[in-house]
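Visitor: One structure is given below, represented as structure tokens, and several questions about it will come after.
The values are calculated or read from the model by the stated rules, or taken from the named source; none is laboratory data. All figures in this text were calculated on a predicted structure; none of them were measured in a lab. Positions of Cβ are generated from backbone atoms using ideal geometry, with glycine treated the same way; all protein chains shown enter the neighbour counts.
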Amino acid sequence: MTNEISKVRAREVLDSRGNPTVEVEIYSGNQFGRFIVPSGASTGQFEAVELRDGGNRFHGKGVLQAVKNVNEILGPKVLGRDIFDQEGLDKFMIELDGTPNKAKYGANAILGISIANMRLAAKNKGLWDFEYIGDSKRLPCPMLNVINGGSHAGGDLAIQEFMLMPIGFDSFKDGLRASVEVYHQLKKQLKKKYGSSAINLGDEGGFAPPIDTARDAIDILIASIKDMGYKPEEQFYLGIDAAASEFLHDGKYHIDGKILARDDFINYYYELVEDYPILLSLEDPFDENDFEAFGDLVTKYGSTRAIVADDLTVTNVERINTAIDKGAMNYLLLKVNQIGSFTEAKEAFDLTKSKDWGVVISHRSGETEDTFIADLSVGMGAERIKTGAPARSERVAKYNQLLRIEEYLGDEAQYYNKI
Ligand code: PEP
Ligand code: MG
């Protein structure tokens, strides 16, 4: 069997929001690996560049230039490379691009090639993707985003995500089942309290009800957990992703019907966590430039709460190093398309692990049927994964892949059911 890249093919396909995105296939002989690149809405200011065409076509969101960059520039240049030299391939493309943020060819073009190659290499060895990525047999705890706000929904709820974390279960499968039960109970509760339009779904499959404060969202989640006979703070914890940069205007946070200065917003979290000890994970609680405010929460809570950096660090080693210097996080949110290659995402993972911090592997709000991140979370041994509600196939596809992996691993599978 040959180990060389013999053909590279990209095309424009659609993501879960109906926006175009890049799909890449890499061939070695007649075997191929494929990857579809996802796309965010609450994108961090420091993310690698997602190349879009502009103009009228697809409201400016076409990706034909990125596709052309794969088919006509990067593709021909990587022909003949060893499919097992992932790092060499990624570094070669980064050098060819030559910009600090993949602005020349697009992170969507480069990442498409990077992950499609990894898939091909796994297939060539007859391995599952997760087995090729690493030795870990750990199933991550899912963080299911069941109430959608912010820029993923059309209402007044400032906080973008309210997530169920089924920690007190013995397996991924059991944790997922219990979460689905709570999700459906939440649907009933929302409908009863706010009417039938409250159960419309946001971008990540969570409900987008006319709730306008975080406390109301958390209250109804706790009630739904209890209704199903599960124990809050034993079996279920909650996580939020504030995506706070999205509601910072003129230096003030616009949240829950109030306008808060930075220091008042720090107090907002102190009070919220005090009143709701079930709140275990806080992602992007402050603006993506305010390392110090993140650090404030880390100092206050130590390892008893996950302070998760997403827009703050954008899966970028330089920014993670700044967060290390400033003690600004204890969990990394890892999104492969924020940085644009497998090798750099792995460097971000390893750097985070060198501090003994946790990692959440994450989808984007614009997703596809691609399930790569499910394998990535297991192969790397990440503690957690967030990939939306247990609804809408682009979200459920990842959970289903994790069910398959857990079944395949059998007794060797270990579910991360720790705080
Ligand atoms: C997030 O902010 O964590 C997220 C998944 O949203 P997006 O993909 O819109 O950045
Ligand atoms: Mg986020």
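Visitor: Within region 159-190, can you find the residues that are part of a strand (DSSP E or B) and under 17 Å from the mean Cα position of the chain (by Cα)?
Guide: Glu161, Phe162, Met163, Leu164, Met165
Visitor: Of everything in region 83-96, what is within 21 Å of Arg319 (Cα to Cα) and surrounded by 23 or more Cβ atoms within 10 Å (Cβ to Cβ)? Give them in sequence order.
Guide: Asp90
Visitor: Inside region 317-342, can you point out the residues that are crowded, with 16+ Cβ neighbours inside 10 Å, more than 14 Å from Lys102 (Cβ to Cβ) and either among the hydroxyl-bearing types (Ser, Thr, Tyr) or modelled with pLDDT under 95 (or both)?
Guide: Selection gives Tyr331 alone.
Visitor: Okay, moving on. Mind checking which residues of region 8-62 are among the polar types (S, T, N, Q) and under 20 Å from the mean Cα position of the chain (by Cα)?
Guide: The answer is Ser16, Asn19, Thr21, Ser39, Ser42, Thr43, Gln45.
Visitor: Pairs, please: C-beta under 6 Å, at least 6 apart or cross-chain, first residue on the phi < 0 side of the Ramachandran plot and in region 24-45, second part of a strand (DSSP E or B) and among the hydroxyl-bearing types (Ser, Thr, Tyr)?
Guide: Val37/Thr21; Ser39/Thr21
Visitor: Within 16 Å of ligand 1 (Cβ to nearest atom), in contact (Cβ under 8 Å) with a residue 12 or more places away in the chain and touching a Cys at 6+ places or on another chain (Cβ under 8 Å): is that true of Met165 in this structure?
Guide: Considered against the rule, which asks whether it is within 16 Å of ligand 1 (Cβ to nearest atom), in contact (Cβ under 8 Å) with a residue 12 or more places away in the chain and touching a Cys at 6+ places or on another chain (Cβ under 8 Å), Met165 comes out as yes.
Visitor: Okay, moving on. When only residues in region 48-72 that are within 16 Å of ligand 1 (Cβ to nearest atom) and surrounded by fewer than 22 Cβ atoms within 10 Å (Cβ to Cβ) count, which is nearest to Ser151 (Cα to Cα)?
Guide: Only one residue fits best here, namely Lys61.
Visitor: Sticking with this one: Before we move on, is Phe349 away from ligand 2 (no atom under 15 Å from the Cβ), closer than 16 Å to Asp15 by Cβ and either modelled with pLDDT of 95 or more or within 13 Å of the chain's Cα centre (by Cα) (or both)?
Guide: no
Visitor: What number goes with the only condition from (1) within 30 Å of Thr299 (Cα to Cα); (2) surrounded by fewer than 24 Cβ atoms within 10 Å (Cβ to Cβ); (3) polar (S, T, N, Q) that Thr371 does not pass?
Guide: Answer for Thr371: the failing condition is (1).
Visitor: Residue under question is Asp311, and the condition is that it be among the charged types (D, E, K, R), surrounded by 19 or more Cβ atoms within 10 Å (Cβ to Cβ) and not assigned by TED's automatic domain parsing to the domain that holds Ile36; does it hold?
Guide: yes
Visitor: At pLDDT 95 or above and over 16 Å from Ala328 (Cβ atoms): is that true of Tyr301 in this structure?
Guide: no
Visitor: If you don't mind, there's one more thing I want to ask. I'd like to verify a number: residues in region 352-367 that are more than 12 Å from the chain's Cα centre (by Cα) and either closer than 22 Å to Gln86 by Cβ or within 16 Å of ligand 2 (Cβ to nearest atom) (or both), how many?
Guide: 4
Visitor: Same structure, new question: Just checking, which of Lys193, Lys188, Lys173 is surrounded by 16 or more Cβ atoms within 10 Å (Cβ to Cβ) and more than 16 Å from ligand 2 (Cβ to nearest atom)?
Guide: Lys173
Visitor: Output the residues belonging to region 185-221 that are among the charged types (D, E, K, R) and without any contact (Cβ under 8 Å) to a residue 60 or more places away in the chain.
Guide: Hits for region 185-221 are Lys187, Lys188, Lys191, Lys192, Lys193, Asp212, Asp216, Asp219.
Visitor: Can you tell me which residue within region 145-158, out of those that are part of a loop (DSSP other than H, G, I, E, B), surrounded by fewer than 24 Cβ atoms within 10 Å (Cβ to Cβ) and within 14 Å of ligand 1 (Cβ to nearest atom), is modelled with the lowest pLDDT?
Guide: Result: Ala153.
Visitor: Among Gly366, Gly379, which is the only one that is touching a Pro at 6+ places or on another chain (Cβ under 8 Å), buried (at least 21 other Cβ atoms within 10 Å of the Cβ), in contact (Cβ under 8 Å) with a residue 40 or more places away in the chain and of a type in the set (Gly, Ala, Ser)?
Guide: That would be Gly366, the only listed residue that is touching a Pro at 6+ places or on another chain (Cβ under 8 Å), buried (at least 21 other Cβ atoms within 10 Å of the Cβ), in contact (Cβ under 8 Å) with a residue 40 or more places away in the chain and of a type in the set (Gly, Ala, Ser).
Visitor: Quick check: is even one residue across region 204-224 closer than 27 Å to Asn400 by Cα, of a type outside the set (A, V, I, L, M) and part of a helix (DSSP H, G or I)?
Guide: yes
Visitor: Between Val396, Val360, which is within 21 Å of Val180 (Cα to Cα) and either touching a Lys or Arg at 6+ places or on another chain (Cβ under 6 Å) or not assigned by TED's automatic domain parsing to the domain that holds Phe247 (or both)?
Guide: Val360 is the lone residue from the list that is within 21 Å of Val180 (Cα to Cα) and either touching a Lys or Arg at 6+ places or on another chain (Cβ under 6 Å) or not assigned by TED's automatic domain parsing to the domain that holds Phe247 (or both).
Visitor: Scanning for something surrounded by fewer than 19 Cβ atoms within 10 Å (Cβ to Cβ) and outside any loop (DSSP other than H, G, I, E, B), does region 121-142 turn up at least one residue?
Guide: Yes, the conditions are met somewhere in region 121-142.
Yes/no per residue for (1) within 16 Å of ligand 2 (Cβ to nearest atom); (2) under 20 Å from the mean Cα position of the chain (by Cα):
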| position | (1), (2) |
| --- | --- |
| Ala223 | no, no |
| Met228 | no, no |
| Ala242 | yes, yes |
| Ser245 | yes, yes |
| Leu248 | yes, no |
| Phe265 | no, no |
| Tyr301 | no, no |
| Glu318 | no, yes |
